[in-house]
Amino acid sequence: MRELNYVGKQLATNGARLGDCLKISPFRGNKKTIYLNRTRYILSGHFNDKGVFHKGFCLSLPSLKGDHLDVELKHVKIQDPTTQHCYQVYQLKSLGAPFRINGVVSYMSYLGRGDELDVGPNRLIVEGPKNQTESVGISLDQKIISSSLSLLIEGDTGTGKSRLAKIIHEKSGRIGSFVHINISSYSEALVESEIFGHAKGAFTGAIKEKKGALEQANYGTLFIDEIDSLSLDLQTKLLLFLDHKKYRRVGESKERQVDVRLIFASGKILKNCVQKERMRKDFYFRISSGFKIQLPSLKNSPERLKKFIGHYESTHNISLSPTLKDFYIKYSWPGNFRQIQFHFDKKKLISNKNYWEYDCVDDELIENETFEENFKGMSLQQIKANYAFHIYHSTQGNTSLSCKILGITSVTLRSLLNSYEKVFSQREYF
């Protein structure tokens, strides 16, 4: 039976995982797509014409009277009896009436990509995410994501380094934990213990043994942020681990071995650290010998910004007005993804609407910027154009009201907006 034998290579390549898409075609109401980002869902039925309801782990589907649609969708780990490898997959289990998977009646089954699941009169199809890392606006090949090679991510603060590292771990299929350690948040004396662990009595204050981040991340992923802050001595010790996959806890002579994928990140260009002799050349070449990813700031990457906005709309079931979307795309976002994520979450909480327009929450973006951030290096004409742009968007693109607030004619407004556009794009208003 499929529920007993769906393991091995077929499961490793086609099994549904965290982050996959579940496309729902209800027998009444609009189609809906949700991202499988929870470890458990309950699919149940309701008797009305309002389509699919999705809140937290509860997924309510339209049903016919008399139907008992109660199905548990649970993220589990299973072991291939032949290779002993563990895989992560979603398991379906009926809590009432049976369901159909690819036309076969079943009470329990594993869910794979491409499977057609019929729950009552509704059809659900699992698809892998079209863009493995779309929530941070870049694309990575699944071969890179699933490999055990180390990764180096460089980018300014807030560009999504931590988020990207966690997504890569979740999509990689590794069964261990994702462990995040920021080197700059520890004193130099404690960093070695945090990474490698220590034995009881290894130093003053070591009253008991401690597992290091490497051991905590066994069979998983260790994300080391701000790697440029690592001392030269510890660079040597970490280099030895990268070469041999073995290490010693502080105060121990016993060698330990773990299966860990390492992802490094830095807000600095590490080549410059090598030139300034703050990083060993052999260490730099070792950590960058896998795959290197450069994350540009949002103001220099409008395509990443558009992908993030599109991803947020689809995962939170909201839509932005064209004027508001244009405003977000043109805004500089000095705090990068960290700023836009916080702003969107705040707007979602305060507005409590599924259709977003420019409002007082967006005014705060302008109010919180300093003059230097906004206008340094600009001519007087560019400053005027910048101000006209913000007024135009704050009025939802109302030309008459914008002209009234600014005390100018529509011809002057058009000229200012087109001057602003020359800095950011070639698109014209009106």
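Confirm whether ALA199 is more than 29 Å from ILE145 (Cα to Cα) and surrounded by 14 or more Cβ atoms within 10 Å (Cβ to Cβ). Here the answer is yes, as ALA199 does meet what is asked.
Checking every residue in the stretch 270-277 against the condition of being in contact with a strand residue (DSSP E or B) (Cβ under 8 Å, 6 or more places away or on another chain), crowded, with 16+ Cβ neighbours inside 10 Å and closer than 30 Å to GLU357 by Cα gives zero matches.
Before we move on, is ASP259 modelled with pLDDT of 85 or more and either of a type in the set (D, E, K, R) or in a helix (DSSP H, G or I) (or both)?
Values: modelled with pLDDT of 85 or more: yes; either of a type in the set (D, E, K, R) or in a helix (DSSP H, G or I) (or both): yes.
Answer is yes for this residue.
Among all positions in the stretch 281-294, there is no residue which is more than 21 Å from SER162 (Cα to Cα), β-branched (Val, Ile, Thr), in a helix (DSSP H, G or I) and more than 19 Å from the chain's Cα centre (by Cα). Consider only pairs whose beta carbons are under 6 Å apart and that are at least six residues apart or on different chains; among these, list those whose first residue lies in the stretch 367-393 and is at pLDDT below 60 and whose second residue is not in a loop (DSSP other than H, G, I, E, B). If the second residue must be not in a loop (DSSP other than H, G, I, E, B), the pairs left are PHE375/ILE383.
Within the stretch 298-321, residues that are over 15 Å from PHE337 (Cα atoms) have Cβ atoms under 6 Å from residues that are of a type in the set (A, V, I, L, M, F, W, C) and part of a helix (DSSP H, G or I) in no pair, counting only partners at least 6 apart in sequence or on another chain.
Kindly indicate the residue of the stretch 114-142 that is at pLDDT below 65 and of a type in the set (D, E, K, R) and also farthest from LYS23 (Cα to Cα) among those meeting that condition. Give the steps one after another, and end with the answer.
Filtering the stretch 114-142 for residues at pLDDT below 65 gives 129-138.
Subsequent filtering for residues that are of a type in the set (D, E, K, R) retains 130, 134.
Numbers: LYS130: 13, GLU134: 17 Å.
Going through the qualifying residues, I end up with GLU134.
Got a sec? Which strands (runs of 3 or more DSSP E) wholly within the stretch 1-95 have at least 1 residues that are at pLDDT 70 or above and in contact with an Asp or Glu (Cβ under 9 Å, 6 or more places away or on another chain)? Filter on the stretch 1-95 gives 21-25, 32-35, 40-46, 58-62, 86-94. Pairs are defined by a Cβ separation below 6 Å, a sequence spacing of at least 6 or placement on different chains, a first member in the stretch 230-257 that is in contact (Cβ under 8 Å) with a residue 24 or more places away in the chain, and a second member that is in a helix (DSSP H, G or I) and loosely packed, with under 13 Cβ neighbours inside 10 Å; the pairs so defined are SER231/GLU188. Surrounded by 13 or more Cβ atoms within 10 Å (Cβ to Cβ), among the aliphatic types (A, V, I, L, M) and part of a helix (DSSP H, G or I): does that describe LEU234? Answer is yes for this residue. Scanning the stretch 143-166 for residues that are at pLDDT 85 or above and of a type in the set (Ser, Thr, Tyr) gives SER150, SER162.
Note on the stretch 295-334: residues that are among the hydroxyl-bearing types (Ser, Thr, Tyr) and part of a strand (DSSP E or B) amount to 1.
Out of ASP243, ASP233, ASP228, one residue alone is among the acidic types (Asp, Glu), touching a Cys at 6+ places or on another chain (Cβ under 9 Å) and in the same structural domain as ILE145 (by TED's automatic domain parsing). It is ASP228.
The values are calculated or read from the model by the stated rules, or taken from the named source; none is laboratory data. Because the structure is predicted, anything quoted here is derived from the model rather than measured. Neighbour counts are summed over all protein chains in view; Cβ atoms, including those assigned to glycine, are modelled from backbone coordinates with ideal geometry.
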